[in-house]
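Structure record follows, encoded as C-alpha cells.
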Amino acid sequence: MTQARSFMFTSESVGEGHPDKVCDRLSDAVLDACLRIDSRSRVACECYAKCNVVIVGGEITIPKIGLKPIDSVINIASVVREAIRDIGYTHDDDVFHADKVFVNNLLTTQSPDIAQGVDARKAKGKKTAEQGAGDQGLMFGYACDETPELMPAPIMFAHRLGRELTRIRKSGRVPWLRPDAKSQVSVVYENNRPAAVANVVISTQHAADVEHAEIERFCIEEVIRKVLPKKLLTPRTTYLINPTGRFVVGGPAGDTGLTGRKIIVDSYGGMGRHGGGAFSGKDPSKVDRSAAYMMRYIAKNIVAAKLARRCEVQVAYAIGHPEPVSVFVDTFGTGAASDLKIERAVRRVFGLKPAQIIEQLDLLRPIYQATTNYGHFGRTRNLDTFTWERTDQVDALLAAV
C-alpha cells in the first residue's frame, strides 16, 4: 500500500474573464459553430487577445461546405462577440468590450498531409485505412476518492470559489464584480487525506469605486465560507484577498490572453500529470483532447469501482495510426488488484482507437463551450454533455478484473 505521509498541496483556478480563459472560450465557440454545420468538421482554432484586439487563427475544414470560405457560413466576428458578451465584458469602461473589439480572422484549411492520416481512408504511405490519431503525443487521466467528484481536493475547491464568484456576478447582486478572477487553495494532507485548508487566495477584478475592505469581507463571508468545507477551515486558515490592493484593470486590457495556457487549471491542478497538449479549440479527432477525456473516463471508473483509491492512466499515439502505442495504469499502491491486471481489464472494456473514443463518448457535438471554464473534469451534472464523467463501466471493469 502507499506510504502514509503529511504534506501541503496547492492548486489554482481562473474565472471566465481571465485573458487566457477568454481565448479558450473563443476557440471553443468557433469549434461549436463548425460542429453545428457539420459534425465531421476538423478544427484547430487558437486565439490571441490584447486590449481591444482579438486574433483568431488556425486550420478549419468543414466537409459540408466544400471549397467555400469559412466566412460564407460562419460569421467569425459575431461568434467572438457573442462569447465575449456572455463572459460579461459589456461595461461602458471596458477596453475589451463585446461590441468594440477588432476581430482579425487568420483561419485556413487543414493541411492535406494531416487530413490523410486522420481520415478513415487509404493513402500512400499510410499503413491502414482506419481513422488515425490527429497527432503523436501522450495523454493522462487521473481520479482519486478525495471528493465526491473523484478529483483532487485543491483543484475542486479552487473551482468552487470561481464558480460562486461567477454565479454571484452574473446574478447582478454585487454590481462591482467584474469578469477577471483567480482563486487558489492550499490543502494540508495528513496520512494522504485532506485535513485542513492552510490558505485561500482570491483575486477578483472590481469596479473602481469599491473599497478593499468590502471586497475582502465579501470574498471571505459570501464566497469562501459558503462553498468550502467548514470542517477544513480552521482558526489558522489564512485568507489573502486581492493581495495587490487593487484590481480594476483586468482581462485582455491588463494582460495578454492565449488559447491553451491554462492546461493545469483545465485538468487536475497539478496533482495528476499532463501530457502537454491543450484542449480548447480542437475537434475530437485531435487526441490531445479526446484521449485525455477518455483517460479521465477510465481512471474515474477504476476509482468508482473501488479498484483503487487513486489512479492515473496514460496513453500514447503516433500520428495517422489508430492503435495506441502504449497504455499504462498506475494506482500508486492503492489498487485492489495489480496494476497489470487492471491495465488488461482496461484494454478489454474500453476501445482506445480515436474513432472508438469518439463513438463511446459521443464527441461529435457542439458541446465544447460548456467545457471551457472550471475544469474539463470533475463534473457531477449534465452528464449527457460531460460523458467522460460517467461511471457506467464499473460493472464491466469488475467483471474483467
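The values are calculated or read from the model by the stated rules, or taken from the named source; none is laboratory data. If you're wondering where the values come from, they're calculated on a predicted model, not measured in any experiment. No Cβ is skipped: glycine too gets one built from the backbone with ideal geometry, and neighbour counts run over all protein chains shown.
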Exercise. For residues in region 321-342 being of a type in the set (D, E, K, R) and in a helix (DSSP H, G or I), which is farthest from ALA29 (Cα to Cα)?
Worked result: LYS341
For this session: Could you please give the count of residues in region 260-318 that are outside any loop (DSSP other than H, G, I, E, B), among the aliphatic types (A, V, I, L, M) and either buried (at least 22 other Cβ atoms within 10 Å of the Cβ) or assigned by TED's automatic domain parsing to the domain that holds GLY335 (or both)?
Result: 14
Problem set entry | Subset of region 356-401 [loosely packed, with under 15 Cβ neighbours inside 10 Å and hydrophobic (A, V, I, L, M, F, W, C)] | ALA370, LEU383, ALA399
Seminar exercise, completed: Checked region 239-248 for anything surrounded by fewer than 19 Cβ atoms within 10 Å (Cβ to Cβ) and in contact with a strand residue (DSSP E or B) (Cβ under 8 Å, 6 or more places away or on another chain); matches are TYR239, LEU240, ASN242, PRO243, THR244, VAL248
For this session: Kindly list, by first and then second residue, each pair from a residue in region 369-382 that is over 14 Å from THR147 (Cβ atoms) to a residue that is among the aromatic types (Phe, Trp, Tyr) and part of a loop (DSSP other than H, G, I, E, B), limited to pairs with Cβ atoms under 6 Å and residues at least 6 apart or on different chains.
Result: HIS376/PHE279
Exercise. Mind checking whether some residue in region 77-87 is over 20 Å from ASN373 (Cβ atoms) and modelled with pLDDT of 95 or more?
Worked result: yes
For this session: State whether the residues of region 164-179 include one that is surrounded by fewer than 22 Cβ atoms within 10 Å (Cβ to Cβ), free of Cβ contacts under 8 Å to residues at least 60 places away in the same chain, in a helix (DSSP H, G or I) and not basic (Lys, Arg).
Result: yes
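Please enumerate the residues belonging to region 367-396 that are over 24 Å from SER13 (Cα atoms) and in contact with a helix residue (DSSP H, G or I) (Cβ under 6 Å, 6 or more places away or on another chain).
Restricting attention to region 367-396, the residues satisfying the condition of being over 24 Å from SER13 (Cα atoms) are 384, 391-396.
Residues satisfying the conditions are THR391, GLN393, VAL394, ALA396.
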Exercise. Quick one: would you say GLY333 is touching a Ser or Thr at 6+ places or on another chain (Cβ under 9 Å), of a type in the set (Gly, Ala, Ser) and over 26 Å from THR259 (Cβ atoms)?
Worked result: yes
For this session: Would you check which residues across region 37-59 are closer than 26 Å to HIS18 by Cβ, surrounded by fewer than 23 Cβ atoms within 10 Å (Cβ to Cβ) and of a type outside the set (Gly, Ala, Ser) and list them?
Result: TYR48, LYS50, CYS51, ASN52, VAL53, ILE55, GLU59
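Taking TYR142 as the residue in question, decide whether it is aromatic (Phe, Trp, Tyr), part of a strand (DSSP E or B) and surrounded by 24 or more Cβ atoms within 10 Å (Cβ to Cβ). Walk me through it before giving the result.
Numbers: aromatic (Phe, Trp, Tyr): yes; part of a strand (DSSP E or B): yes; surrounded by 24 or more Cβ atoms within 10 Å (Cβ to Cβ): yes.
Judged against the criteria, TYR142 is a match.
From the list ASP32, ASP24, ASP20, ASP71, which residue is in contact with a helix residue (DSSP H, G or I) (Cβ under 7 Å, 6 or more places away or on another chain) and among the acidic types (Asp, Glu)? Give the steps one after another, and end with the answer.
Numbers: ASP24 fails: in contact with a helix residue (DSSP H, G or I) (Cβ under 7 Å, 6 or more places away or on another chain); ASP20 fails: in contact with a helix residue (DSSP H, G or I) (Cβ under 7 Å, 6 or more places away or on another chain); ASP71 fails: in contact with a helix residue (DSSP H, G or I) (Cβ under 7 Å, 6 or more places away or on another chain).
Unique residue meeting the criteria: ASP32.
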For this session: Considering only residues that are of a type in the set (Asp, Glu) and assigned to a helix (DSSP H, G or I), look in region 343-401 and name the one that is farthest from the chain's Cα centre (by Cα).
Result: ASP395
